[in-house]
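Data first, discussion second: the structure below is written as structure tokens.
The values are calculated or read from the model by the stated rules, or taken from the named source; none is laboratory data. Being a predicted model, the structure only gives us computed values, none of them experimental. All Cβ positions, glycine included, derive from the backbone under ideal geometry; neighbour counts span all protein chains shown.
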Amino acid sequence: MPQHLERGVFLFDTPPKIESFAAVAGEKEGNGPLGDFFDEIITDSHFGQKTWEQAESRFQLEAVSLAVRKANLTKEDIDVICAGDLINQCTGSSYGLRQLEIPFMGLYGACSTMAESLIAASLLTDSGAAKRAAAVTSSHFSTAERQFRAPLSYGGQRTPTAQWTCTASGSVIVSPDKGEIEVYGCCVGKIADMDITDIANMGAAMAPAAMGVLCRYFEATDTTPADYDAIITGDLGILGSKLLIELMEKQGYDISDVHKDCGEMIFNPDEQDSHCGGSGCGCSASVLCGYFLPMLQKGNIKRILFIATGALMSAMSVQQGESIPTIAHLLELRRK
């Protein structure tokens, strides 16, 4: 059972293990600095489907199927799958994974969903409710743009603070005892709202949520940034990452030497016109599964914090002039 440190912060007495993982990315992501680290690059944005939404579903199905095959498992070996995406009512997940016939939990935490689903899968495994659980998320540039912003054919000008929604998916299989990477501890985030209303400035909106969950975990575990090889945020992007470092300094923590951001890493802003970097559920999922988990598995790094951040607005709330509530969830991952 988990050891409760404070509200929403816990450590596992017998940490669940990450048995397998896989990352699938689109063409733009494959042409970025991390292209060589993804398991599969899909150059067709439609992935052979009729619509972008169907394509995103196939991205997610491919990521889960790859993770299962890499562990020499079958779909019958997975007791439950925790999944989510950005499309209304988790359409990408439910339509993509329906053919697997695995017990399914649809989750929504916006771009924080990879951390949320991984926490849920770890708790299900640790409790004995599942022998193996999978966590998977996805996003697609075209589905997100169509839902949250403007039709792609409109050709609207992107603002300097805007981020590019990644076309990608990442999947993790959690086991009670198989794997070299441990899910050591978790911190469930609290909703933060700084009254930001600009949906093209997600980094500024989400940075306070990341600060809050980091400070809570440091205090509850009596650790500092120096205890970790890397502190990885989901998709704050270039601007949000700078803001997080400044916010943490005001709280007495210097994370500048160990902080990495998946949204800042996945594109080359000078060559790929991604403005402030990547975003979307698939951004942190693919970078975690394609880049950081292999480094942990090989022992190149041994202890990291993974914090996926998300903006919890909807197209409706934006149209009604609401501010943007945000969330961040944290996991501590260790090399066994």
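With the requirement that a residue be touching a helix residue (DSSP H, G or I) at 6+ places or on another chain (Cβ under 9 Å), farther than 26 Å from GLU271 by Cα and not polar (S, T, N, Q), what does segment 27-54 give you?
Passing the criteria: GLY48, GLU53.
Identify the single condition in (1) in contact with a helix residue (DSSP H, G or I) (Cβ under 6 Å, 6 or more places away or on another chain); (2) within 22 Å of LYS190 (Cα to Cα); (3) of a type in the set (Gly, Ala, Ser); (4) without any contact (Cβ under 8 Å) to a residue 60 or more places away in the chain that ALA120 does not satisfy, given that it satisfies every other one.
Of (1) in contact with a helix residue (DSSP H, G or I) (Cβ under 6 Å, 6 or more places away or on another chain); (2) within 22 Å of LYS190 (Cα to Cα); (3) of a type in the set (Gly, Ala, Ser); (4) without any contact (Cβ under 8 Å) to a residue 60 or more places away in the chain, only one is false for ALA120: (1).
Taking the stated definitions as given, is ILE18 within 21 Å of ALA308 (Cβ to Cβ), surrounded by 20 or more Cβ atoms within 10 Å (Cβ to Cβ) and either assigned by TED's automatic domain parsing to the domain that holds ALA210 or modelled with pLDDT of 95 or more (or both)?
The answer is yes for ILE18.
Residues that are of a type in the set (D, E, K, R): find the helices (runs of 4 or more DSSP H) completely inside segment 192-288 holding 1 or more of those.
Numbers: elements: 202-221, 237-250, 262-265, 269-272, 281-287.
In segment 192-288, the matching helices (runs of 4 or more DSSP H) lie at 202-221, 237-250, 262-265, 269-272.
With the condition kept exactly as written, say whether any residue in segment 166-175 is at pLDDT below 95, over 17 Å from GLU62 (Cα atoms) and either of a type in the set (Ser, Thr, Tyr) or outside the structural domain of MET202 (by TED's automatic domain parsing) (or both).
No, the conditions are met nowhere in segment 166-175.
Considering only segment 285-301, state which residues are of a type outside the set (Val, Ile, Thr) and either touching a Leu at 6+ places or on another chain (Cβ under 7 Å) or more than 17 Å from TYR228 (Cα to Cα) (or both).
Selection gives ALA285, SER286, CYS289, GLY290, TYR291, LEU296.
So GLN3 fits all but one of (1) among the polar types (S, T, N, Q); (2) outside any helix (DSSP H, G or I); (3) in contact with a helix residue (DSSP H, G or I) (Cβ under 8 Å, 6 or more places away or on another chain); what number is the exception?
All conditions pass for GLN3, except number (3).
Could you tell me how many of the residues in segment 190-234 are touching a Leu at 6+ places or on another chain (Cβ under 7 Å) and among the small types (Gly, Ala, Ser)?
Going through segment 190-234 one residue at a time, the tally reaches 5.
Within 17 Å of the chain's Cα centre (by Cα), over 23 Å from GLY278 (Cβ atoms) and not assigned by TED's automatic domain parsing to the domain that holds CYS289: does that describe ILE81?
Details: within 17 Å of the chain's Cα centre (by Cα): yes; over 23 Å from GLY278 (Cβ atoms): yes; not assigned by TED's automatic domain parsing to the domain that holds CYS289: yes.
Answer is yes for this residue.
Among the numbered conditions (1) out of contact with any helix residue (DSSP H, G or I) (no Cβ under 8 Å at 6 or more places or on another chain); (2) surrounded by fewer than 20 Cβ atoms within 10 Å (Cβ to Cβ); (3) in a helix (DSSP H, G or I), tell me where GLU62 comes up short.
(2)
Just checking, does segment 255-265 include any residue being among the charged types (D, E, K, R), farther than 27 Å from GLU6 by Cβ and out of contact with any Asp or Glu (no Cβ under 8 Å at 6 or more places or on another chain)?
Yes, there is a match, as at least one residue in segment 255-265 is among the charged types (D, E, K, R), farther than 27 Å from GLU6 by Cβ and out of contact with any Asp or Glu (no Cβ under 8 Å at 6 or more places or on another chain).
Name every residue in segment 88-135 that is assigned to a helix (DSSP H, G or I), of a type in the set (A, V, I, L, M) and farther than 24 Å from GLY203 by Cα, in order of residue number. Talk me through it step by step, then tell me what you get.
Kept after step one, since they are assigned to a helix (DSSP H, G or I), are these residues of segment 88-135: 88-100, 113-127.
If we keep only those that are of a type in the set (A, V, I, L, M) as well, we get 97, 100, 114-115, 118-121, 123-124.
Those that are assigned to a helix (DSSP H, G or I), of a type in the set (A, V, I, L, M) and farther than 24 Å from GLY203 by Cα: LEU97, LEU100, ALA120, ALA121, LEU123, LEU124.
Mind checking whether some residue in segment 91-113 is without any contact (Cβ under 8 Å) to a residue 24 or more places away in the chain and closer than 27 Å to ALA209 by Cβ?
Taking every residue of segment 91-113 in turn, at least one turns out to be without any contact (Cβ under 8 Å) to a residue 24 or more places away in the chain and closer than 27 Å to ALA209 by Cβ.
Checking the conditions here, which among LEU73, LEU100 is under 22 Å from HIS140 (Cβ atoms) and more than 21 Å from the chain's Cα centre (by Cα)?
LEU100
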